[in-house]
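Values quoted throughout were computed directly from the atomic coordinates according to the rules given, and no laboratory measurement underlies them. Since the model is a prediction, treat every value here as computed from it, not as a measurement. Cβ placement follows ideal geometry from the backbone for every residue including glycine, while neighbour counts extend to all protein chains displayed.
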Amino acid sequence: MTGERPARRPAGGLEAEVLAALWAIGRPLTPREVQRELGGELAYTTVMTTLTRLHDKGAVDRQRSGRAYAYTPVLDQAGIAASRMREMLDDGQDRRAVLAHFVDSLSAQDERLLSELLRDAGGGEREGSA
Amino acid sequence: MTRVALLLPLLVAAGFGLCAPVLARRLPPRQATWLLSAGAVLAALCGLAVLGLVGSVLLGEQPSIAREGHWSGAALRARAPVDAVIGAAGLAAAAAALAAGLHVALRRGRALLATHRLCRDLPAAADGLVVVADPAAGAYALPGRPGRIVVAQPLLAALSAPERRALLAHERAHLRHRHHWHLAAVALAAAVNPLLLPARRAAGHAAERWADEEAALATGDRRVVATALARAALLTGGRPPALSAAAHAVPLRVAALLAAPPRPRPGLAGAVVLLLLVGACAAAVATEHTEDLFDLARAAAR
């Protein structure tokens with residue numbers, strides 16, 4: 001890629017990234033652990049600030065863990081999101097059509113192709129994944 | 001001459017539909033998305049216009065309408081560019097196209113209204129990221145003000161940190177560039193003119209590619225976006241197609257990400273714009289000729 005590389009994290013993407021990391025690991029994480037999980041590219045204070053902001057907005061819970069707090073993502077209140085979303089997806093083609101899905105269905109051949117790609121990329125499964 | 005002008009917009013729509021898949025594959029995705037959605041709308045409008053013109057001449061020939069409009073139905077019939085059978089077919093096609101367009105507009109409008117309402121009820125923290133337990137949810141952008149990004153927890157767990165960043169950047173791109181409006185526009189155009197159906201499918205692919213390229217910029221690594229896509233597809237790939245149009249697109253998208261970034265192709269884009277302009281000019285000429293026809297019929301009635 002030539003030219004100036006844009007900022008790697010556009011303003012506003014940080015909270016989503018930190019929350020996604022908490023969800024991905026699935027156990028309470030200290031800011032230090034979150035920082036490590038995100039590849040150590042973010043400053044500790046940035047991670048700390050972001051977690052505090054998420055806590056203020058009610059997106060994460062925290063409890064004392066030694067000298068720091070450990071953070072866990074808050075489950076969607078009463079599963080509103082899950083059930084409403086389910087309804088939406090079951091409600092015919094047009095609703096599906098307005099949702100831009102990350103990926104769609106695969107043929108058996110496609111599956112083989114993509115598995116090979118991931119093997120070449122090093123490790124079919126992400127380390128530490130469930 | 002008038003016949004050619006009446007036929008050209010329909011031929012242009014057919015040609016645009018035929019070359020739509022090539023545009024989605026060859027052009028830089030942002031350009032492809034815009035060209036496909038705007039072009040399909042223009043082609044659909046021009047096609048609808050000529051069908052309406054053909055039908056209006058047929059209607060104008062009817063004695064009661066001719067009396068009301070103070071023109072000579074006989075004079076109109078004598079100079080009609082197409083015979084009555086084609087006129088009737090044009091009229092029926094125009095009515096069917098309008099009905100189909102209205103139907104799709106209503107359905108799409110309702111669906112978008114539903115996503116906007118749902119967004120209002122979902123938590124807005126964390127840049128609108130909503131995580132759900134259902135693995136079948138996969139990941140998608142939910143249009144709204146502001147929109148939400150919905151991701152299945154098992155999918156997040158299967159991705160590395162850079163891959164999660166790629167996924168979030170991809171969905172954010174859909175919302176930021178309002179891809180749902182492009183897709184709605186091209187769906188409407190395809191409902192009005194089925195010759196444009198390939199453009200609908202192609203625009204869907206182009207919008208995904210656009211978001212992929214934005215994710216590549218955001219992560220600085222095209223390969224990470226490709227592996228995120230592959231992992232997500234393998235995890236959620238077992239379910240039936242959400243949109244038949246998007247099926248099999250993942251390997252193409254992965255291949256595009258593993259290749260160099262797309263280069264602009266002003267020649268190809270220019271040729272397609274020219275094609276569309278030819279259709280638009282023909283529709284304008286046909287409108288002009290039909291107006292002249294009615295003027296002559298009016299003069300004949302005096």
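With contributions of -39500 (n - 2.57) from each DSSP H run of at least four residues, the per-residue ellipticity at 222 nm computed over chain B stands at -26000 deg cm²/dmol. In order along the range B:47-54, the phi-based Karplus estimate (6.51 cos²θ - 1.76 cosθ + 1.60, θ = phi - 60°) of 3J(HN,Hα) comes to x, 5, 4, 5, 4, x, 5, 4 Hz; Gly and Pro are listed as x.
Once fully extended, how much extra length lies between B:A38 and B:R223, figured as 0.36 nm per residue of separation less the alpha-carbon to alpha-carbon distance?
63.5 nm
Taking amide H atoms as placed 1.01 Å from N in the peptide plane, the amide H of A:V60 lies under 5 Å from those of A:H55, A:V74, each 5 or more residues away in sequence or on another chain. Ranking B:H177, B:H205, B:L188 by Cα position along the charge dipole of the range B:157-218, where only Lys, Arg, Asp and Glu carry charges on their C-beta atoms, puts B:L188 farthest toward the positive end.
Can you tell me the relative contact order of chain B? Whole percent, Cα pairs under 8 Å, sequence separation 6 or more.
Rounded, it is 32 percent for chain B.
Each principal axis of the Cα cloud of chain B was evaluated for its coordinate range; sorted largest first, these ranges are 80, 43, 29 Å.
R0 = 56 Å: FRET efficiency of B:L18 with A:S65, Cβ-based, nearest 0.05?
Given R0 = 56 Å and the Cβ-Cβ separation, E is 0.35.
Along the range B:177-188 the Karplus relation, 6.51 cos²θ - 1.76 cosθ + 1.60 evaluated at θ = phi - 60°, assigns HN-Hα couplings of 8, 6, 4, 5, 6, 4, 5, 5, 4, 6, 5, 5 Hz to successive residues, with x for each Gly and Pro. Put simply, the amide H of A:S65, placed in the peptide plane, has neighbours under 5 Å in A:A70, leaving out anything fewer than 5 places away on its chain. Coupling constants for the range B:25-42 follow from the phi torsions by the Karplus curve (6.51 cos²θ - 1.76 cosθ + 1.60, θ = phi - 60°), and in residue order they are 7, 9, 7, x, x, 5, 4, 5, 4, 5, 4, 5, 6, 5, x, 5, 5, 4 Hz; glycine and proline get x.
Rounded to the nearest 10 degrees, the inclination of helix B:161-176 to the longest alpha-carbon principal axis of chain B is 20 degrees. Amide H to amide H, with H built 1.01 Å from N, B:V130 comes under 5 Å of B:I149, B:V150, B:V151, counting only residues 5 or more places away or on other chains.
Sketch the reach of a paramagnetic label on B:A301 as a point 7 Å from Cα along Cα-to-Cβ, and name the residues of the range B:65-98 whose backbone nitrogen lies under 19 Å away. In the range B:65-98, the label zone of B:A301 (backbone N under 19 Å from the point 7 Å along Cα→Cβ) covers B:65-81.
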